[in-house]
Amino acid sequence: MTHPATLSDLRERYGPRYRWLLLLSVMVGTMASIMSSTIVNVAIPGMSHYFSIGQERAQWVSSGFMVAMTASMLTTPWLLARYGYRRVYAGTMLLLLAGGTVGGFASDFALVLSARVAEGLAAGVVQPIPAIIILRAFEPSEQGRASGLFGMGVVLAPAIGPSIGGVLVDLFGWRSIFFMVVPFCIASLWLAWKFVPTTAPGGGLASRGNALDWRGLVLGTTGTLCLLNGLVALHGGGGAATALLAGAALAFGAFIAWQRRRMATGHEPLMNLALFSSRSFAMGSIVAFIYGTALFGSTYLLPVYMQLGLGLSPSYVGTILLPAGFILAATIAGVGRLADRYPTHVLVSTGLFLLAASFTLMVTVGLDTGIWLLVAWAILGRVGLGFILPSLNIGSMRALDRSLIPQGSSAINFVRMLGGAAGVSLCGIVLEWRITAHGDALTNPVTSAARLAAFHESFLMLATLCALAMLASWQLREKPQASPQ
């Protein structure tokens, strides 16, 4: 990884097409990180059985990843400014590769969880990078198209992943899904050496100037951990949940106060609170949080519902989700072009409405229902996601000053992932609560109408969250140019 290549060198070498080559390079790594975040859900039931652990503990395979990813996202602007695109990107791919390899060979649940945390740290750093590149390297008239093409490529990984992963779980067990990221990581390392510049955002040389805001990072991570553990503790009742949730509120409050103090004293904050003076960014962040809760909660809930509620095999679950994934990719490509011509609030609100409708319609699925109905509602939800994904981040950040784009991408991804981390825990808690209320248990090998009712109520909870996000998304109707930025 010593091949020298500044941004100006690479632009001169490859010409106008370079920006697309750079986007392709980071797309492969982001595909690997997103695949690692979603593919494991297909294997959670098998992993629970292998390690003889309960559902609430097994869900930490997803939640631990989310916590690590959420916290590390805040470090992306500082890392890029200090080490440059190439070293940061290649380093995250090496860490993701190590996590997948260790997790696949692990024979202890603690080691599996550690590997997932390592993967989460890598995924968190890499995921804000594409939006930074799109907003800096592409003209405003091309940003929607670039975002759509990037999104189409990225969603193919989780679209195909569960199908292949389900087959691998049936044939070789849960360990095999950890190795799926390996070829993507190897390809991304080669692309990084060839196309990713050594310079920092804006084309300048990486500089070891400002120190990382470790206190802010610790406060943000503490708040996230307290929030997740507090949500889990709510299931058991008692004062522990109250104490943890209060600790989360205090940690996030201290985090905000510390960021303000950093700005007031002229130091670089971990999260620049000036971002939220832009109405479009502030409203977009609210939508991102609720949307993240619904998205990642459903990504966890849907495979578990199909296996433990409807009694389907992992490979069958992957096959059912495959058409919806391809339709999602096609929708994103089409909506990406619309994002250059239509207001963000229209596209995002449409997507949230379709997503809420798909969750609501899941209550019509039963043990004697044709499988086509389940496929139809899954497709409807993915079409909704296709309207949201290319529009939300770009539309929320277009009004920002160019110098704030790295911070903006990091912050809005952090908020979305914070919602996602809470969503995975929330779905697990609500599901366990409603199953207990209906007199059933997930340890029971035979499904029942009571268990299906519990799953349906969990889906209705997600639909309600999407409806709330629609209220916030409509506040994006003001044109970004009206921002004081």
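Looking at Tyr305 and the list (1) aromatic (Phe, Trp, Tyr); (2) under 24 Å from Trp258 (Cβ atoms); (3) touching a residue at least 40 places away in the same chain (Cβ under 8 Å), which single condition is not satisfied?
For Tyr305, the failing item is (2).
Suppose we filter segment 90-121 for residues that are closer than 15 Å to Ser48 by Cα, free of Cβ contacts under 8 Å to residues at least 40 places away in the same chain and not small (Gly, Ala, Ser); how many remain?
So the count comes out to 2.
Residue-wise test of (1) buried (at least 22 other Cβ atoms within 10 Å of the Cβ); (2) small (Gly, Ala, Ser); (3) more than 21 Å from the chain's Cα centre (by Cα).
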| residue | (1), (2), (3) |
| --- | --- |
| Leu21 | no, no, yes |
| Val26 | yes, no, no |
| Ala32 | yes, yes, no |
| Ser36 | yes, yes, no |
| Thr76 | yes, no, no |
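To keep it simple, each residue is scored yes or no on (1) loosely packed, with under 14 Cβ neighbours inside 10 Å; (2) part of a helix (DSSP H, G or I).
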position	(1), (2)
Thr436	yes, yes
Gly439	yes, no
Leu442	no, no
Thr447	no, no
Glu457	no, yes
Leu465	no, yes
Ala469	no, yes
Trp474	no, yes
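Being in contact with a Lys or Arg (Cβ under 8 Å, 6 or more places away or on another chain), crowded, with 19+ Cβ neighbours inside 10 Å, of a type outside the set (Val, Ile, Thr) and over 18 Å from Gly292 (Cβ atoms) is true for just one of Gly84, Gly64, Gly103. Which residue is that?
Result: Gly103 is the single residue among Gly84, Gly64, Gly103 that is in contact with a Lys or Arg (Cβ under 8 Å, 6 or more places away or on another chain), crowded, with 19+ Cβ neighbours inside 10 Å, of a type outside the set (Val, Ile, Thr) and over 18 Å from Gly292 (Cβ atoms).
Would you check if there is a residue in segment 266-284 being part of a helix (DSSP H, G or I) and either more than 27 Å from Ile394 (Cβ to Cβ) or of a type in the set (Val, Ile, Thr) (or both)?
The answer is no; no qualifying residue exists.
Out of (1) outside any loop (DSSP other than H, G, I, E, B); (2) among the aromatic types (Phe, Trp, Tyr); (3) surrounded by fewer than 19 Cβ atoms within 10 Å (Cβ to Cβ), what's the single condition that is false for Tyr305?
Of the numbered conditions (1) outside any loop (DSSP other than H, G, I, E, B); (2) among the aromatic types (Phe, Trp, Tyr); (3) surrounded by fewer than 19 Cβ atoms within 10 Å (Cβ to Cβ), the odd one out for Tyr305 is (3).
For segment 253-292, which residues satisfy the criterion of being within 15 Å of the chain's Cα centre (by Cα) and at pLDDT 85 or above?
Ser285, Val287, Ala288, Phe289, Ile290
Output the residues belonging to segment 168-216 that are under 30 Å from Ile256 (Cα atoms), basic (Lys, Arg) and at pLDDT 80 or above.
Arg215
The values are calculated or read from the model by the stated rules, or taken from the named source; none is laboratory data. Not measured: the values here are computed from a predicted model. In this analysis, Cβ positions are derived from the backbone assuming ideal geometry, glycine residues included, and neighbour counts consider all displayed protein chains.
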